[in-house]
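Supplied in structure tokens, the structure appears directly below.
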Amino acid sequence: MKHNFNAGPVVLPKEAIEATINAIRDFAGTGIGLLEISHRTPGWEKVMAETEQLWRDLLNIPDNYRILFLGGGASTQFYSVPMNLMSKKSAYLVTGVWAKKAAEEAQKLTNLGTVEVVASSKDKNFNYIPKGYTIPTDADYFHITTNNTIYGTEIHVDLDSPINLVADMSSDIMSRPVDVSKYALIYGGAQKNVGPAGVTFVIVREDILKKEKGSLPTMIDYRTHYDKEAPNNNSMFNTPPVLPIYTMYETLKWVKANGGVEGMYKRNVEKAALLYDEIDRNPMFVGTAEKEDRSLMNVCFVMNKGHEDKEDAFMAFAKERGMVGIKGHRSVGGFRASIYNACPIESVKALVACMQEFEKMNG
Ligand SMILES: Cc1ncc(COP(=O)(O)O)c(C=O)c1O
């Protein structure tokens, strides 16, 4: 049996995979496969509408927010956000490589304004979340990355911000309840907690989109992708990524059937505690992130002092026991176990057992 700890794309609910396979064979009893239908067919419009409703229900998204399903990945949002929102200045919290990339994309748009890096944790290889900084009130927005997929740190609360708060939630969306009303815009690639790669979600409060209509490239302007007069046209200005949206739809149905985001959070806390407790107990391993900022999604650890030479041996040992995707990112080294929503607790228990067995043999 394989235990999938990949960082992204990742393990998805079996139910969502099975439903997608069935839809590819025969979409909604039409006798035609999902990959072969027009996105204008009524059956598809129903999937789009229900997917949007699932997002609204699961995250309690207020009516004045639009939910968009776009292409291009979270990386496209790194420049779409400043193009839509920046007119003089933006502010960024740099907590990892993805946050840094987002700030750098905004920095390229010199015609729109300047970028202030409010705080950074680069001094300690991004192993903590900076605190005690001041958010500049003269900026158009403050951008954060709530979970740092590579370094295993996470902002566990919805911050209070005096200006529009924008969050990249690519790797922790739907892992915990979120007060959406505290954010002006939330975006992310789906390929962790809400589906496969290929669709990007954007949750945007309508009133923040103030730039003159027609002044932005059509596809970049968020307003292109929703239409109050024709709600069936939401995210269908051009051909939407039908297949990943369908799997997202089924993944969200699974989230709902398993206790919603409160249920996910409970499971995630339990899984993360199991693994972090073992890292803290087992003298052969040590966690890399500051304890208070540890991510519930990406658990990063390395061999402890005196055991550094056993890294390859543990990797081989874990691989033999079915562990997949636990190699740490090259900028941190060691190991990273990503334990997103659909990662079963049995997989976490198997990894913990593997660490204990390795200790008995080598400790
Ligand atoms: C936090 C975060 N932001 C952005 C990205 C980039 O996403 P995409 O590949 O969809 O552009 C990733 C990818 O892993 C990520 O983890």
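When only DSSP loop residues count, what GluC sites (Glu not before Pro) in region 256-318 have their Cβ near at most 14 other Cβ atoms within 10 Å? Could the numbers behind the result be given before it?
Values: sites: 262, 270, 278, 290, 292, 308, 311; in loops: 290.
Within region 256-318, the qualifying GluC sites (Glu not before Pro) (loop, at most 14 other Cβ atoms within 10 Å) are 290.
Using modelled backbone amide H atoms (1.01 Å from N, in-plane), which distant-in-sequence or interchain residues come within less than 5 Å of residue 143's amide H?
Those lying under 5 Å, H to H, from residue 143 are 91, 92, 93, 166.
³J(HN,Hα) across region 157-168 via Karplus (A = 6.51, B = -1.76, C = 1.60, θ = phi - 60°), whole Hz, x for Gly/Pro?
10, 7, 5, 8, 10, x, 10, 3, 9, 10, 10, 7
For the pairs 100/213; 101/310; 305/349; 124/305, note any where the Cα-Cα span goes beyond 27 Å.
Too far apart for the 27 Å limit: 100/213; 101/310.
With only alpha-carbon atoms in the gyration tensor, what are the semi-axes of the equivalent ellipsoid for region 211-360, in Å, largest first? Working shown, then result.
On the way: eigenvalues 346, 69, 42 Å².
Here the semi-axes work out to 42, 19, 14 Å.
Return the percentage of antiparallel bridges among DSSP beta bridges fully within region 14-257, rounded to the nearest 5 %. If you can, show how the numbers build up before the last one.
Values: 13 of 28 bridges.
Among the beta bridges of region 14-257, antiparallel pairing accounts for roughly 45 percent.
Which of the lysines could be linked to residue 89 by a straight reach, that is with a Cα gap under 16 Å, when you skip same-chain ones fewer than 8 residues away?
Within the straight-line limit of under 16 Å, residue 89 reaches these lysines: 108, 210, 211.
Right, here's the next one. Relative contact order for region 91-211: what percent, with Cα pairs under 8 Å and sequence separation of 6 or more?
Relative contact order of region 91-211: 19 percent.
Now a separate question. How far apart, in nm, are two points set 7 Å out from the Cα along the Cα-to-Cβ line at residue 311 and at residue 324?
Rounded to a tenth, the inter-label distance reads 2.4 nm.
Given the -39500 (n - 2.57) contribution per DSSP H run of 4+ residues, what per-residue ellipticity at 222 nm results for the chain, rounded to the nearest 500 deg cm²/dmol? Before the final figure, lay out each step's value.
Details: 8 runs with 121 residues, N = 363.
My calculation for the chain gives -11000 deg cm²/dmol from helical runs alone.
If you average 1/r across every pair of different Cα atoms in region 19-80 and take the reciprocal, what Kirkwood value do you get, in Å?
13.7 Å
Per residue Cα convex hull volume for region 14-257, in cubic angstrom? Could the numbers behind the result be given before it?
Numbers: hull volume 29.5 nm³, N = 244.
Considering the Cα atoms of region 14-257, their hull volume per residue is 121 Å³.
Quote the charge dipole size of region 14-257 about the Cα centre in Debye, to the nearest 20; the model charges only the Cβ of Lys and Arg (+1) and of Asp and Glu (-1).
Here the size comes out at about 380 debye.
Right, another one. Going by alpha carbons, how many degrees (0 to 90, nearest 10) lie between the helix axis of 14-25 and the longest principal axis of the chain?
The two axes meet at around 50 degrees.
Here is a further query. Taking H as built 1.01 Å from N, whose amide H comes closer than 5 Å to the amide H of residue 323, not counting residues under 5 places away?
Correct list: 3.
Then there is this: Write down, largest first, the equivalent ellipsoid semi-axes of region 116-221 in whole Å, where each equals the square root of 5 times an eigenvalue of the alpha-carbon gyration tensor.
Result for region 116-221: semi-axes of 23, 20, 13 Å.
Filter the trypsin sites (Lys or Arg not before Pro) in region 98-154 to those in DSSP coil with at most 16 other Cβ atoms within 10 Å of their Cβ, and list the result.
Answer by residue number: 131.
Moving on to the next point. Report the full-extension gain for the segment residue 233 to residue 123: residue separation times 0.36 nm, less the Cα-Cα distance, to one decimal in nm. Before the final figure, lay out each step's value.
Values: separation 110, 0.36 × 110 = 39.60 nm, distance 4.65 nm.
Stretched out fully, the residue 233 to residue 123 stretch lengthens by 35.0 nm.
Each value in this text was obtained by applying a stated rule to the coordinates, not by laboratory testing. All figures in this text were calculated on a predicted structure; none of them were measured in a lab. Reconstructed Cβ throughout: ideal geometry from the backbone, glycine too, with neighbour counts over all protein chains shown.
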